[in-house]
Amino acid sequence: MQSSELGEVTVMRVSEPQEIASGVVLMTTGSGPLASNVYLVRSGPSWAMIDSGWAASAEPLRAAVEQLLGPGEVPAAIFLTHLHPDHSGAAGTLARTWKIPAYVHRAELPMAAGRYVPGYSMPLDRWLVAPFVWSLPARVRRRIEAAGDITDVVHGLPRSGEVPGLPDWAAVPTPGHTPGHVAYWRSKDGVLMTGDAVTTVDLNSARGLLLRASHVSGPPWYTTWSRRTAMDSVARLAELGPRLLAPGHGQPIAMEVVPRLRAAAAKEKAQRMARRRRIAGAPEAA
């Protein structure tokens with residue numbers, strides 16, 4: 001439910017660090033359908049984290065990061081692509097432990113208190129999560145909201161698109177999955193971290209969720225605020241000309257990145273037009 005959690009039931013595993021580009025390290029929290037990627041980015045002598053995974057991954061992720069960076073070293077900041085629990089769930093715990101700031105696009109800040117915001121909701125919220133949470137006693141709802149509240153550590157990203165402390169990177173607005181979703185872009189070598197704006201596993205099919213086969217697509221529709229806006233963002237990301245796509249879900253890819261992004265956007269556009277024809281009662285083109 002947006003940035004809140006229904007409670008931690010287990011500790012999630014964290015994968016071994018993997019350097020996927022110069023100064024870019026990938027770690028995956030969780031496994032199977034719950035797997036979510038976290039990245040560490042080096043800028044000069046310091047490091048920053050991009051996304052933080054689920055709340056249940058906070059402790060193993062803390063230990064893995066501190067082991068990687070060395071004694072006494074911690075990231076300088078956490079930069080979030082958006083406020084959904086599989087990407088920002090551990091941000092509060094890690095930021096407080098390390099005494100560092102977290103950043104997100106300013107349009108995401110209304111969700112930082114961990115409360116349900118109707119204007120930001122997506123299908124899963126409306127169908128399942130919100131009805132369930134509202135069925136709980138008020139004291140339980142308050143505890144859930146408090147667990148997801150990161151207003152004490154989160155800040156809005158600069159409107160200029162700059163990423164504080166990471167001069168080689170830019171925050172690129174990619175609204176759709178959430179109103180303030182951003183991707184992180186390093187133009188000098190074409191590295192693009194897409195969060196949920198683009199995934200390399202099909203989260204919209206049972207086959208994709210179970211088999212995790214490589215497939216470039218937009219975000220999962222059941223957790224997406226605006227499907228059309230999301231696919232417009234995919235098309236805009238293709239125009240950047242990325243050479244390495246580092247998604248929030250799935251493995252990074254470095255082959256035919258731009259054609260695959262364009263194909264994903266074109267497929268969704270064709271499907272959208274077909275839906276409109278069906279609704280209008282017009283025959284579909286052969």
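The values are calculated or read from the model by the stated rules, or taken from the named source; none is laboratory data. Quick caveat, the model's predicted, so the values are computed rather than measured. Virtual Cβ from ideal backbone geometry, glycine too; neighbours counted across all protein chains shown.
Run down Glu66, Glu19, Glu5 and say which single residue is at pLDDT below 95, over 14 Å from the mean Cα position of the chain (by Cα) and acidic (Asp, Glu).
Going through Glu66, Glu19, Glu5 in turn, just one is at pLDDT below 95, over 14 Å from the mean Cα position of the chain (by Cα) and acidic (Asp, Glu): Glu5.
Within region 200-208, is there a residue that is more than 14 Å from the chain's Cα centre (by Cα) and either at pLDDT 95 or above or crowded, with 19+ Cβ neighbours inside 10 Å (or both)?
yes
Considering only region 18-35, state which residues are within 19 Å of Ala63 (Cβ to Cβ) and buried (at least 16 other Cβ atoms within 10 Å of the Cβ).
Val25, Leu26, Met27, Thr28, Thr29, Gly30, Ala35
Can you name the number of the only condition in (1) within 21 Å of Thr174 (Cα to Cα); (2) in contact with an Asp or Glu (Cβ under 9 Å, 6 or more places away or on another chain); (3) surrounded by 22 or more Cβ atoms within 10 Å (Cβ to Cβ) that Ala90 fails?
(1)
Looking at region 209-251 only, could you name the residues that are surrounded by 18 or more Cβ atoms within 10 Å (Cβ to Cβ) and among the aromatic types (Phe, Trp, Tyr)?
Scanning region 209-251 gives a single hit, Trp225.
For region 55-72, check the following and say yes or no: at least one residue is hydroxyl-bearing (Ser, Thr, Tyr), surrounded by fewer than 24 Cβ atoms within 10 Å (Cβ to Cβ) and within 25 Å of Gly180 (Cβ to Cβ).
Checking region 55-72: not a single residue is hydroxyl-bearing (Ser, Thr, Tyr), surrounded by fewer than 24 Cβ atoms within 10 Å (Cβ to Cβ) and within 25 Å of Gly180 (Cβ to Cβ).
If Arg227 satisfies every condition in (1) closer than 29 Å to Leu109 by Cβ; (2) basic (Lys, Arg); (3) free of Cβ contacts under 8 Å to residues at least 40 places away in the same chain but one, which is the exception?
Among (1) closer than 29 Å to Leu109 by Cβ; (2) basic (Lys, Arg); (3) free of Cβ contacts under 8 Å to residues at least 40 places away in the same chain, the lone unmet condition for Arg227 is (3).
Any residue in region 145-171 that is closer than 19 Å to Ser88 by Cα sitting within a Cβ distance under 7 Å of a residue that is among the basic types (Lys, Arg) and not in a loop (DSSP other than H, G, I, E, B)? List the pairs, counting only those 6 or more apart or interchain.
Final answer for the pair search is Val153/Arg96; Gly156/Arg106; Leu157/Arg106.
Within the set of pairs 6+ apart or on separate chains, which have a first residue in region 132-144 that is farther than 17 Å from Ala113 by Cα, a second that is of a type in the set (Gly, Ala, Ser), and C-beta atoms under 6 Å apart?
From region 132-144, no pairs qualify.
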